[in-house]
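Note sheet for the following structure.
The values are calculated or read from the model by the stated rules, or taken from the named source; none is laboratory data. Being a predicted model, the structure only gives us computed values, none of them experimental. Here the Cβ positions follow ideal geometry from the backbone for every residue, glycine too, while neighbour counts run over all protein chains shown.
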Amino acid sequence: MIHVTFKPKDTGGGNSNRGNSSIPSTGGGTANGNTDIHTLIVKKEDLTAPASNGVVTIVAKDKEKIVLPANAAELLGNYQFVIQADLFTLEVPAELLKSLSDKLSAIDKQNSTIELIMTPLSQPDAKNLLAIGQSSTHAQIKLSGNVIHFSLSIVGKDGKVTSLSSYDKPMTIRFKADPSLNPKRTGIYYLADNGVLEYVGGTFINGEWVAKIHHFGKYALLEFKKSFIDVNSTHWAADAIEQLAAKQIIGGTNATMFEPERSITRAEFTAMLVKALNLTSVGESKFTDVSKGAWYEEAVSIAVKAGIIHGTSTTTFNPDARITREEMVTMMMRAYVILKDVKLNEYTASSFTDESAVAAWALDSVRAAAALHLINGRDANKFVPSGITSRAEAAALLNRVLQ
């Protein structure tokens, strides 16, 4: 089922900036002089006005196009550039504007303008796009506000349009929170033209959902509920599985099954960690048992560079082996150090009655994980270090780490 709720555009004025230098949306126009109430033209002096806290904010309520001078990045200098719309806020790095203007020669930049388009999709178009996404994911999707289509281009004096599709320095998007959405299943998603959904993030900060985006296109705040027929609502790991599925960190073994009690391999858990930490920097793997083109090859090389995995020897990773509890906790705590910047050797207290069976290389990780209440023992307060980990256990553990 798809729930689509559209909020009416706010046609009133007003300035709700956070005490920073701001440009109110008090009219518009186009480069050829035709009036357009949905366009806001930003002048050079607007970008050079004194900015409080180093932020220049444009209040762009009910606007779908922001027109900037071609040398906007130069005019901004070290100032941060923020666009405040009805339901979202967009933070645009000056470096991004510069990378676009650099596509033109100094002569061509004269009388050129940068155009940031942020067009809400019509209700039928948004509903159709989400219907495709729901069909492919077998999930229930609920939309907050609108699907917004973002694009950025520079328009020369001859009318030639040069667009920017992706960029190294990310923009930050902030969607206002919607109390009708379940926060455990809510995030910001990119929607491809073919309906494929890509979770791009969703940290809840001061009443807003925040994520960094690295390319233009269609984005929306969605609640994504993925259910599996073999994980009912009373299953002890149901909440964790649902949350990780919404973040696209885990998936089912097919469209409708999760197989919570099935074991998980070292390669599978590595891929989960890489997705959870949003790691992308590829390293060099020296493991002879990680084949070129294997589905986990990139995840393993990324995890090696991040220091999350060390292999079962200097040349083997044993990707298809079922991961043991001590292996899982050790890899997970290396990821935890990256996320939280903690030192594992600060936790020295014994927590399990079978700690003597824990390998020396895993002991600090097991103690730290127990002290931080990330792991639980099995029967009789035993950790069972050589025990095989289930998919449900891996999901529950990873979800605790991400909280």
*Mind checking whether some residue in the stretch 50-73 is within 25 Å of the chain's Cα centre (by Cα) and touching a residue at least 60 places away in the same chain (Cβ under 8 Å)?*
no
_Return the residues of the stretch 338-383 that are farther than 22 Å from Gln403 by Cα, of a type outside the set (A, V, I, L, M, F, W, C) and without any contact (Cβ under 8 Å) to a residue 24 or more places away in the chain; say none if nothing qualifies._
Thr348, Ser350, Ser356, Arg378, Asp379
*Trp295 fails exactly one of the following numbered conditions: (1) more than 16 Å from Gln248 (Cβ to Cβ); (2) among the aromatic types (Phe, Trp, Tyr); (3) surrounded by fewer than 17 Cβ atoms within 10 Å (Cβ to Cβ). What is the number of that condition?*
(1)
*Name every residue in the stretch 198-223 that is in a loop (DSSP other than H, G, I, E, B) and among the aromatic types (Phe, Trp, Tyr), in order of residue number.*
Phe216
_Test result for Leu221, in contact (Cβ under 8 Å) with a residue 24 or more places away in the chain and over 30 Å from Ile117 (Cβ atoms)_ = no
*asked:* Checking the condition outside any strand (DSSP E or B) and closer than 29 Å to Gln80 by Cα, which residue from Gly195, Gly252, Gly159, Gly145 passes?
replied: Gly159
*Inspect the stretch 232-240 for any residue being crowded, with 20+ Cβ neighbours inside 10 Å, under 25 Å from Arg334 (Cβ atoms) and in the same structural domain as Thr315 (by TED's automatic domain parsing) and give the result as yes or no.*
yes
*Qualifying position, being at negative phi, without any contact (Cβ under 8 Å) to a residue 24 or more places away in the chain and among the charged types (D, E, K, R), among Asp36, Asp102, Asp86*: Asp102
*Report whether or not Glu242 is modelled with pLDDT of 90 or more, of a type in the set (Asp, Glu), over 14 Å from Ala303 (Cβ atoms) and in a loop (DSSP other than H, G, I, E, B).*
no
*Can you name the number of the only condition in (1) of a type in the set (A, V, I, L, M, F, W, C); (2) in contact (Cβ under 8 Å) with a residue 40 or more places away in the chain; (3) touching a helix residue (DSSP H, G or I) at 6+ places or on another chain (Cβ under 8 Å) that Phe287 fails?*
(2)
*Scan the stretch 241-258 for residues that are surrounded by 18 or more Cβ atoms within 10 Å (Cβ to Cβ) and more than 17 Å from Thr186 (Cα to Cα) and report the count.*
2
*Selection from the stretch 138-180 of residues that are under 14 Å from Ala192 (Cβ atoms) and at pLDDT 90 or above*: Val147, His149, Phe150
*For residues that are of a type in the set (Gly, Ala, Ser), touching a strand residue (DSSP E or B) at 6+ places or on another chain (Cβ under 8 Å), surrounded by fewer than 16 Cβ atoms within 10 Å (Cβ to Cβ) and farther than 30 Å from Ala240 by Cβ, tally how many sit in the stretch 153-194.*
3
_Per-region count, the stretch 202-217, residues surrounded by 16 or more Cβ atoms within 10 Å (Cβ to Cβ) and out of contact with any Phe, Trp or Tyr (no Cβ under 7 Å at 6 or more places or on another chain)_ = 2
*Could you list all residues from the stretch 154-186 that are of a type in the set (A, V, I, L, M, F, W, C) and under 14 Å from Phe216 (Cβ atoms)?*
Ile154, Val161, Leu164, Met171, Ile173
